[in-house]
Amino acid sequence: MRIGVDYYPEQWDENMWESDADRMKEIGVNIVRLAEFAWSKLEPVEGNYDFAWLDRAIQLFADRGIEVILGTPTCTPPQWMLHNYPEIIQVDQHGNRVATGIRGHRCMNSPMFREFCRRIITKMVSRYRDWDSVIGYQIDNELEANQCRCSVCQERFRSWVKRKYGTIEEVNQAYGNIVWSGEFSDFDEIMPPMGEHLLWMNPSLHLDYQCYASDSTVGYARYQAELIRKLDSDAKITTNTWLCEHMPDFYDLFSNMDFVSYDNYPTAELPQNPRELYSHAFHLDLMRGIQGKPYWIMEQLSGIVGSWAPMGRTPKPGMLKGYALQAYAHGADAVLHFRWRTAKAGAEMYWHGILDPSNVPGRRYQEFRDLCQIVGTLPEMEGAMPVNKVAVLYSSLQEYAFKLQHQAEGMYYLEYLKSWHDAFTCLGIGVDIIAWDAPLKQYDIVVAPNLLINDDRVVRHLYDFTERGGTLLLTNRCGVKDENNQCMTEAIPSVYRDLTGITVREYDPLGMVIRKLDIQNDAWADNLGKWSKRVAADQEYSKVSCTRWCDLLEIHMGSVEVLASYGEEFYQGTPAVSRNPYGKGWCYYIGTGLHREAYIALAETILQERKMSYYADLPIGVELTERTKGENTWQFLFNNTEQRQVVSLEEEILLEPFEMRVIPS
Ligand code: GLA
């Protein structure tokens with residue numbers, strides 16, 4: 001398995017490089033990432049390239065058997081370029097060129113910028129394609145969905161809209177432009193959302209803009225990937241992604257890359273909110289699901305984080321090692337730590353690496369050294385994947401739509417996905433997080449939260465899945481809008497009416513308010529009693545809470561069973577949670593946000609009904625995952641708590657805080 005660091009030779013005196021490489025070799029580092037911000041040193045003057053220093057750095061690693069992944073340095077164009085070619089600088093939502101001097105401010109669509117990219121990437125790849133130790137390329141750095149509003153990007157957006165709709169009449173129809181006299185008479189009138197009040201813009205246009213912005217970034221990444229591939233067909237290509245305000249669609253972004261990589265910075269303080277305990281696990285599972293393959297961690301937490309924000313707590317003993325091992329347990333084939341040594345200059349001098357600028361090995365270094373040693377003893381499980389029976393569906397489109405129109409205070413798209421992931425994780429069940437339109441054949445249980453916007457193909461998949469015998473979980477805010485982000489004229493959940501047997505008569509966006517819920521299903525109530533005692537010692541479990549949103553359900557079919565109703569408000573007694581048999585399967589409708597124990601208890605009830613085995617006594621905070629390759633399956637236990645935990649599997653296993661244990665089976 002690969003273990004490594006992100007290393008910035010250009011930021012340090014060359015006489016340190018050799019001892020750095022020696023040290024890495026000695027502790028077991030086998031891969032480094034280089035050069036993703038080094039454009040000004042590689043092309044100090046337009047057209048004058050200097051790769052000699054990078055040759056020397058790579059050679060030092062090659063001599064020690066350490067592989068290299070190179071970043072295309074396009075996230076940080078040099079100052080001469082920004083100065084001489086201002087048209088390559090992004091324009092913000094107010095129409096102003098953004099301030100330079102930081103990074104990521106290039107316009108991905110600027111023809112001039114693309115040409116500079118072509119030149120530097122061609123130089124880089126042609127130079128290193130015959131170097132065995134250079135195994136591949138990371139494209140740019142943490143690509144966001146393109147938010148540039150320069151004239152080139154405006155025109156691109158117009159062309160995107162034209163390609164999608166063909167005629168301006170279709171656009172007007174799709175956007176409902178009759179409202180507020182928004183009708184266009186010509187494509188030239190179409191503008192990206194701009195100005196102060198973005199959330200007042202037409203939501204249909206705005207959603208299209210987010211999709212265009214994603215496509216735009218995907219196009220830029222593809223431009224680089226195709227260029228690299230043409231020059232070196234063996235090179236492995238990736239880009240390092242993360243979760244940010246404007247995320248490109250992950251599935252599109254990686255559609256023509258060799259593997260997914262992710263920048264993983266778990267918080268050094270265990271979350272106050274217990275629901276967030278498995279948040280890192282959620283992100284890792286999301287990454288694995290993008291290609292349905294093992295992923296890489298391209299940047300991993302190495303110490304205190306901070307710089308533009310106050311510094312956070314220092315990671316506790318065991319955390320650095322534990323969180324890296326957790327990533328392997330969830331499907332990583334490589335983990336690279338950001339960064340080998342904390343920067344002594346620049347904006348990120350407080351984002352700590354493995355070593356301090358003093359270069360004196362400290363606690364973090366010792367822990368990293370231990371980690372490298374442990375990784376050296378991990379089984380050869382490259383390519384191994386879990387075989388999970390539970391999937392949660394993720395959709396960028398839904399996430400964009402939820403961000404554009406906040407549904408209720410405190411209600412976030414990912415929160416619902418995480419709640420279900422948390423519930424099954426507490427029961428020792430591995431969860432795949434997959435694209436909402438992915439095939440569902442391998443799964444027994446599929447959770448499809450908040451499918452606000454309908455898509456015919458997905459709807460068909462979900463009906464088929466349930467009909468064949470699957471258990472489907474739909475939630476509030478499913479079936480609300482058509483594909484243009486306009487409200488459906490059928491009662492919610494519109495297209496899911498036959499599947500659920502209910503309609504939503506009315507709804508109440510509770511926001512942060514908490515209301516009582518009466519559970520009417522015995523098995524769920526029993527399980528809830530158990531979990532209430534275990535997780536929240538004194539909960540009164542026959543009355544449990546709901547929050548964020550209340551769908552008031554109207555039952556249409558005799559086959560529907562009401563599992564819970566509201567216990568307060570003018571709608572006391574109205575059904576809130578239901579299930580309906582459909583074909584050989586079941587469709588649950590959860591019309592409200594539950595409290596944590598209620599989710600876990602409902603997940604347990606569903607597992608019991610399906611006669612699926614699970615771990616009822618797994619300590620909270622301990623993750624149980626699996627990876628399988630051929631005949632071999634490995635189980636992993638990771639203790640994400642500050643206490644020792646005893647896990648009873650076939651034997652009792654004692655886990656230290658943040659310890660990860662591999663159990664071959
Ligand atoms: C991101 C970037 C890195 C660095 C780290 C720490 O993950 O890719 O270059 O900025 O954050 O802030």
Inset, instruction - Quick one: accessible surface of Phe254, probe radius 1.4 Å, all protein chains present, in square angstrom to the nearest 10. - result: 0 Å²
Inset, instruction - Report, as a whole number in µm² per second, the diffusion coefficient that Stokes-Einstein gives for the range 546-665 at 20 °C and 1.002 mPa s using the Kirkwood radius over alpha carbon pairs. - result: 122 µm²/s
Inset, instruction - Compare the peptides 315-325, 115-125 by average per-residue count of other Cβ atoms within 10 angstrom and give them in order, highest first. - result: 315-325, 115-125
Inset, instruction - Rank these by accessible area, largest first, 1.4 Å probe: Met81, Met16. - result: Met16, Met81
Legend entry - Within the accessible area of the chain (1.4 Å probe), percent carbon and sulfur: 49 percent
Legend entry - Stokes-Einstein D (µm²/s) once Rh is taken as the Kirkwood radius of the chain over alpha-carbon pairs, at 10 °C in 1.306 mPa s: 60 µm²/s
Inset, instruction - Restricting to the chain, compute how many DSSP beta bridges are antiparallel as a %, nearest 5. - result: 50 percent
Inset, instruction - Would you please name the GluC sites (Glu not before Pro) within the range 336-387 that are DSSP coil residues with at most 11 other C-beta atoms within 10 Å of their C-beta? - result: Glu380
Inset, instruction - Could you do me a favour and compute the accessible area per residue for the range 1-59, 1.4 Å probe, result in Å²? - result: 37 Å²
Legend entry - Between helix 319-329 and the chain: long-axis angle, C-alpha atoms, 0 to 90°, nearest 10: 70 degrees
Inset, instruction - Quick one, can you get me the convex hull of the C-alpha atoms of the range 1-119 expressed as volume per residue in Å³? - result: 124 Å³
Inset, instruction - Let me have the relative contact order for the range 565-664, percent, based on Cα pairs under 8 Å that are six or more residues apart. - result: 15 percent
Inset, instruction - Pop out the ³J(HN,Hα) list for the range 606-615 in order, Karplus 6.51 cos²θ - 1.76 cosθ + 1.60 with θ = phi - 60°, rounded to Hz; leave Gly and Pro as x. - result: 5, 4, 5, 4, 7, 6, 9, 7, 8, 10
Inset, instruction - Any chance you could give the angle, 0 to 90 degrees and rounded to 10, that helix 363-377 forms with the longest Cα principal axis of the chain? - result: 80 degrees
Inset, instruction - Tell me which residues come under 5 Å, amide H to amide H, from Ser261 once H is placed; ignore anything under 5 positions away on its chain. - result: Thr239, Thr241, Trp296
Inset, instruction - Can you work out the accessible area per residue across the range 96-165, with the rest of the protein chains kept in place, probe 1.4 Å, in square angstrom? - result: 42 Å²
Inset, instruction - Provide the net charge surrounding Tyr412, with neighbours chosen by a C-beta distance below 11 Å and charges set as Lys +1, Arg +1, Asp -1, Glu -1. - result: 0
Inset, instruction - Would you please put 570-581, 289-300, 184-195 in order of how densely packed they are, using the mean number of other Cβ atoms within 10 angstrom per residue and starting with the highest? - result: 289-300, 570-581, 184-195
Legend entry - Mean projected area in nm² (Cα convex hull; one quarter of hull surface) for the range 378-427: 5.6 nm²
Legend entry - Residue-normalised accessible area of the range 360-411, expressed per residue, 1.4 Å probe, Å²: 39 Å²
Legend entry - Count, lysine Cα pairs under 27 Å in the range 380-528, 8 or more residues apart or across chains: 8
Inset, instruction - Could you list which residues have their amide H under 5 Å from that of Tyr582, counting only those 5 or more apart in sequence or on another chain, with H placed in the peptide plane? - result: Cys587
Inset, instruction - Provide the net charge surrounding Asp215, with neighbours chosen by a C-beta distance below 15 Å and charges set as Lys +1, Arg +1, Asp -1, Glu -1. - result: +1
Inset, instruction - List the aspartates and glutamates whose Cα lies under 18 Å from the Cα of Lys611, skipping any in the same chain that are fewer than 8 positions away. - result: Asp444, Asp522, Asp526
Inset, instruction - Provide Lys441, Lys481 ordered by accessible surface of protein heavy atoms (probe 1.4 Å), highest first. - result: Lys441, Lys481
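The values are calculated or read from the model by the stated rules, or taken from the named source; none is laboratory data. Every value quoted in this text rests on a predicted model; they were computed, and no experiment measured them. With ideal geometry, Cβ positions are generated from the backbone for all residues, glycine too; neighbour counts draw on all protein chains shown. Calculation scope for accessible area: heavy atoms of the full protein, side chains included, ligands and nucleic acids excluded. Shrake-Rupley method; radii C 1.70, N 1.55, O 1.52, S 1.80 Å.
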